[in-house]
1. State yes or no: is F68 under 22 Å from N102 (Cβ atoms) and surrounded by 13 or more Cβ atoms within 10 Å (Cβ to Cβ)?
2. What number of residues within the range 63-92 satisfy the criterion of being in contact (Cβ under 8 Å) with a residue 60 or more places away in the chain and not aromatic (F, W, Y)?
3. Show the residue pairs meeting these rules: Cβ distance below 6 Å; 6+ apart or different chains; first residue within the range 13-35 and at negative phi; second residue open to solvent by less than 30 Å² (accessible area, probe 1.4 Å) and at pLDDT below 95.
4. Taking the stated definitions as given, is V124 part of a strand (DSSP E or B) and touching a helix residue (DSSP H, G or I) at 6+ places or on another chain (Cβ under 7 Å)?
5. How many of the residues making up the range 110-126 are within 13 Å of the chain's Cα centre (by Cα) and of a type in the set (G, A, S)?
6. What is the number of the single condition among (1) out of contact with any helix residue (DSSP H, G or I) (no Cβ under 9 Å at 6 or more places or on another chain); (2) of a type in the set (A, V, I, L, M); (3) more than 13 Å from G8 (Cβ to Cβ) that L82 does not meet?
7. Taking S63 as the residue in question, decide whether it is of a type in the set (G, A, S), crowded, with 17+ Cβ neighbours inside 10 Å and at pLDDT below 95.
8. For the range 71-115, enumerate the residues that are touching a Phe, Trp or Tyr at 6+ places or on another chain (Cβ under 6 Å), part of a strand (DSSP E or B) and open to solvent by 10 Å² or more (accessible area, probe 1.4 Å).
Amino acid sequence: QVQLVESGGGSVQAGGSLRLSCTVSGSSGDFYAMAWFRQAPGKEREGVAVFYTASRYIAYSDSTKGRFTISQDNPKSTLYLLMNSLKPEDTAMYYCAADFQNSGISHFATRRYKYWGQGTQVTVSS
């Protein structure tokens, strides 16, 4: 019943910005962790950023650190990803992921998350 829906993707030129949103429904409580992943054609899905709800701990991938900002609207559990200084290599389908439980699995491992959205496409051209 839990559903994650991404929005905010689109086409932008290199150096531009986009803000992605992940709307949550069907959840009776806060997720322990929420994250953004992305997958480009011919590549494996990779973690972008993770947000731990209670502690507000944040981690970024090396490729996006300093350019992307993850945040959460706690009352609604809406997750955001502000992407600045976009590069063509950022082109990918971006997915929202979440889980209610703590885990020893790496926060950038796809198998760590139970719930996934359908994705929103981001295309960066230059």
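1. Details: under 22 Å from N102 (Cβ atoms): no; surrounded by 13 or more Cβ atoms within 10 Å (Cβ to Cβ): yes.
Answer is no for this residue.
2. Within the range 63-92, the subset in contact (Cβ under 8 Å) with a residue 60 or more places away in the chain is 80-88.
Among the residues that remain, those that are also not aromatic (F, W, Y) are: 81-88.
So the answer is 8.
3. T23/T78; V24/S77; D30/T53; F31/T53
4. Yes, satisfied.
5. The number of residues fulfilling the criteria is 2.
6. Of (1) out of contact with any helix residue (DSSP H, G or I) (no Cβ under 9 Å at 6 or more places or on another chain); (2) of a type in the set (A, V, I, L, M); (3) more than 13 Å from G8 (Cβ to Cβ), only one is false for L82: (3).
7. Spelling it out, it is not the case that S63 is of a type in the set (G, A, S), crowded, with 17+ Cβ neighbours inside 10 Å and at pLDDT below 95.
8. Once the filter is applied, which keeps residues that are touching a Phe, Trp or Tyr at 6+ places or on another chain (Cβ under 6 Å), part of a strand (DSSP E or B) and open to solvent by 10 Å² or more (accessible area, probe 1.4 Å), the range 71-115 yields S71, Q72, Y95, D99.
The values are calculated or read from the model by the stated rules, or taken from the named source; none is laboratory data. Small disclaimer: the values here were computed from a predicted structure and weren't measured. A quick note on method: Cβ atoms are made from the backbone with ideal geometry, for glycine too, and the neighbour counts reach across all protein chains shown. Just so you know, the surface numbers come from the protein's heavy atoms only, side chains and all, with ligands and any DNA or RNA stripped out. Shrake-Rupley method; radii C 1.70, N 1.55, O 1.52, S 1.80 Å.
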